[in-house]
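Notes to accompany the following structure.
Throughout, read-outs are computed from the coordinates displayed, never taken from laboratory work. Being a predicted model, the structure only gives us computed values, none of them experimental. Backbone-built Cβ (ideal geometry, glycine too); neighbour counts: all protein chains shown.
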Amino acid sequence: MRIPAVVAVVGLVALGSPATAFAAPEAQCANPSGTYRGEVPWGQRLVDPARLWPLTRGDGQLVAVLGTGVDGQNTQFAPGQLEGGAGTERTDCDGRGTIAAGVVGAQPDPSTTFAGVAPGAHLLPIRYLEGSSSSSSSSSSDGGGDPGALAGAIDRAVDRHAGVILVAVPAAFDTPALTSAVSRARSSGAVVVSAASATQQGARTYPTATPGVLAVGSVNPAGGPVQTEAGDYLGVAAPGAELVSTSAGAGGTVAHRWPVTDPGLAAAYVAGVAALVRAYHPELTGDQVLTRLTLTAHRPASGRHDPRLGWGVLDAYAAVSSTLPADVAPPGAVPSAVPAPAVVPAAAPARPAADVAAGTIALAGVALAAAAGLTVAAVRRARRRNWRPSRFTP
């Protein structure tokens, strides 16, 4: 029996500007900016999950969202998409968990251009961090949560068969319990994804800096790094600034928060793509999923590891569709002078038959028109010569 993968998400920080206001259930809790109706958000265009949906939407994957809870009243989550059970929380006063969950699995909806990466996945909201509504208006998340509580949340995610554990708000320091929880998660086959979110120079967050964890940096629309945290443990980068996602306080509507700037959003994008990879390649181990995500990333301009962007910006289509050698090693496991293996993404999905037929007819028409033009030119030339053959000059 195949065990569904689980993505565990640990809360985010949102920065939003009010628009089309919705009433929050409590004055102290997070408020939506409105229902987002602008152009497709730039981060969503960069990751382009819709291009992958003909291959996989993440169906069969259980995505555990660890953090501040997930607002079950936001109707961009499908009925039944939020799982229940011991330790789950379907309310979210703080709002950061709902933002993370939306990046991973919000449904496409005609009222908005925003959608999550893996809308076929189910979500398991586990609260480990209470947070506060004041944090939902900040652009920094390096305060983190208690490492002991985070360790317990990771253990609960593993107990629910987590396949991917996303830590969007990591802890500011490590503990034996947290290291042990990460080790247990990896032994279970999970991919542990953690945001590099420290804002103080030289600071590290955990389990981001723990060996074997996929540490995620974040980029803005210009491609520049968002976070201060840096190190040789950074794996990949993804969109983490000026983004859109689902909001808590929706009150039974499709509601969003924007613009959102937080390194945790980058980790949420990577975790969503990891869920797509697990759905499309159920035979892969957790470490093989991590390797695939790093090897297929768009390399930095230098071609080498960047301390704030890792091995480059996430390439979702290549990560899911590429053919890789069975024994390929992650880029950090070999000297940088060794060339990376060839990464061959699958061809883009074929156009519908009607489009192909129309294209064939159009090409045939062009060819006939060209032939007709040549014939007319030849006849006119022959008439000018009174139908006498021209002399051949070598």
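A few points about this structure:
- Peptides ranked, highest mean first, by Cβ atoms within 10 Å: ranges 288-301, 86-99: 86-99, 288-301
- Pairwise FRET efficiency - Gln200 versus Arg90, Cβ, R0 = 35 Å, nearest 0.05: 0.50
- Highest mean first, the peptides 161-170, 205-214, 191-200 sorted by other C-beta atoms within 10 Å per residue fall in the order 161-170, 191-200, 205-214.
- Per-residue HN-Hα couplings for segment 162-177 [Karplus 6.51, -1.76, 1.60; θ = phi - 60°; Hz; x = Gly/Pro]: 5, x, 9, 10, 9, 10, 7, 10, x, 8, 7, 8, 9, 9, x, 5
- For the peptides 29-39, 117-127, 150-160, residues were scored by their other Cβ atoms within 10 Å and the scores averaged per peptide; the highest-first order is 117-127, 150-160, 29-39.
- Inter-label distance, nm, simple model (7 Å from Cα along the C-beta direction), His281/Glu130: 4.2 nm
- Ser183 versus Ser111: modelled label distance in nm, points set 7 Å from Cα along the beta carbon direction: 4.9 nm
- Segment 189-230 and segment 263-281 have their alpha-carbon centroids 15 Å apart.
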